[in-house]
Amino acid sequence: YVAVKVSGGQLLKVYKDKKFKTYDECYDSLEKWAFNYPKSYREGQYAIVEYTSSYECRIITIFTNTIETNLS
C-alpha cells in the first residue's frame, strides 16, 4: 500500500519510497502526516493505493478536503 497525493491527474507519493505491508499501517501513517501538515491535507486530495503488480495499482481510499471515501 502506498499513500499518494492526487495532483493534476498524477499520483505523487507522499513518502518517496515507502510502501506499507497492510492498509492499516498506511492509513495510520497518512493520518499522522495529516496531523503534521493540516493545511495541505485540508486543501488537497490524497489516496491510498494497493499495487496489484509491478506497474498496476488500484485506489482503495480517497481523501478529498478531509472527506474519506472508501472504494472497496
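For semi-axes √(5λ) of the Cα gyration tensor in Å, one of [x] 31, 16, 9; [y] 18, 13, 12; [z] 23, 13, 10 was computed from the structure I shared and the rest are decoys. Which label?
[y]
Roughly how many percent of the accessible protein surface of the stretch 20-72 is carbon and sulfur, given a 1.4 Å probe and a whole-percent answer?
Whole-percent figure for carbon plus sulfur exposure: 50.
Quick one: accessible area per residue over the chain, 1.4 Å probe, rounded to a whole number of Å²?
Ligands and nucleic acids excluded, the figure is 72 Å² per residue.
The values are calculated or read from the model by the stated rules, or taken from the named source; none is laboratory data. In this text, all values refer to a predicted model and were calculated from it rather than measured experimentally. Heads up: the accessible areas ignore ligands, DNA and RNA and are worked out on the full protein's heavy atoms, side chains in. Shrake-Rupley method; radii C 1.70, N 1.55, O 1.52, S 1.80 Å.
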